Amino acid sequence: YRLNAYFNQKANLCQAFDIIINDLDHIPEELENKIPHLELSKTEQITGYNIVNEVKQVTGCDKVVVFQPFGQSVQVEGQFIFDTSGRSFELTNVVDIIQKLKENNYSIIVMSQIEIPSWQEMGIAMPKNLNLMGWSGIIKASDYFLGCDSVGQHLAVATQTRATVVLGATYPENVSYRDVQHHTIIDLGHNESSHKRNYSPIRLTMDECVNRSNEDCMIVDKGNLESIINSITKSIGVGKKVE
């Protein structure tokens, strides 16, 4: 976050680490489109498959979408779940997205350490006590991944799982993968949108002014919601109920 090339959106994460670790004075072009690759053990693959298959059997839907609505900067205060950094979905939008996914006959596995209120009544799955490799197995076995700027999108790319990533206060050039096949980026914080973002050096300093200007960047309006759902249906089609 201190690197000029990074916060000016000239270098992605992989390039930025290469510059710092190897003390480079240039941006390594050979890493511009570099993506991570993750090899899962048989146990991790089988565990992920079994969880996904169980969710399909319980819901009766033939396609599973893993949904990660919150990043590490999310906070919980009483009944409120919120993210002042503008990186996580708004809770009301989370409910809207889940409802739309269900309308398209998708089984839903929510990737979150924070429970969504009344999630049991929503007919979704929220597995607990899984490490990142466990989630990698689930994402690989699923049909699609939908998430915010958090670890899930990296696991989806590394396991070659189709994905839609919704960004608000962070830049796709920095934190995501613009040129990866089957990886759709919906950038809500783009300068032409109503919620213009400002660069925030997260994890280095807390800038109240920048956070205040960015905190609404992840609000999903009706048009955005349609774009999110369409990106999924265009990729894997509408789900079917299985008898």
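So the values come out like this:
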item: Relative contact order (percent, whole number), the chain, Cα cutoff 8 Å, 6+ residue spacing; result: 24
item: Violating pairs (Cα-Cα greater than 24 angstrom) within the set K196/K234; K56/K102; K56/K100; K102/K140; result: K196/K234
item: Calculated diffusion of the chain, Stokes-Einstein form, Kirkwood radius summed over Cα pairs, 20 °C and 1.002 mPa s, µm²/s; result: 115
item: Three-way shape call for region 57-112 based on the alpha-carbon gyration tensor, with the a/c threshold at 1.5; result: prolate
item: Rounded to the nearest 10 Å², the accessible area of M133 at probe 1.4 Å; result: 60
item: Virtual paramagnetic centre 7 Å along Cα→Cβ of N53, amide N under 20 Å, in region 118-152; result: 125-128, 134-144
item: Region 116-172-region 35-88 distance, computed between alpha-carbon centres (Å); result: 3
item: Volume in Å³ per residue [convex hull over Cα atoms, computed for region 146-188]; result: 58
item: Cα-projected label distance for T233 with N33, points at 7 Å along beta-carbon direction, nm; result: 3.1
item: Residue range of the chain that is longest and free of trypsin sites (Lys or Arg not before Pro) which are both DSSP loop and sparsely packed (at most 14 other C-beta within 10 Å); result: 35-127
item: Net charge of neighbours whose Cβ lies under 9 Å from the Cβ of V220, counting Lys and Arg as +1 and Asp and Glu as -1; result: -2
item: Those GluC sites (Glu not before Pro) in region 1-78 that DSSP places in a loop and that have at most 13 other beta carbons within 10 Å; result: E32, E39
item: Low-density loop cleavage sites - GluC sites (Glu not before Pro) in region 110-196, where at most 12 other Cβ are within 10 Å (DSSP); result: E192
item: Descending semi-axes in Å of region 19-84, equivalent ellipsoid built from Cα gyration tensor; result: 35, 25, 11
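The values are calculated or read from the model by the stated rules, or taken from the named source; none is laboratory data. Model, not experiment: these values are computed from the prediction. Note that we place each Cβ from the backbone using ideal geometry, even for glycine, and neighbour counts take in every protein chain shown. Each accessible area value is taken on the protein alone, full model and side chains, heavy atoms only, with ligands, DNA and RNA left out. Shrake-Rupley method; radii C 1.70, N 1.55, O 1.52, S 1.80 Å.
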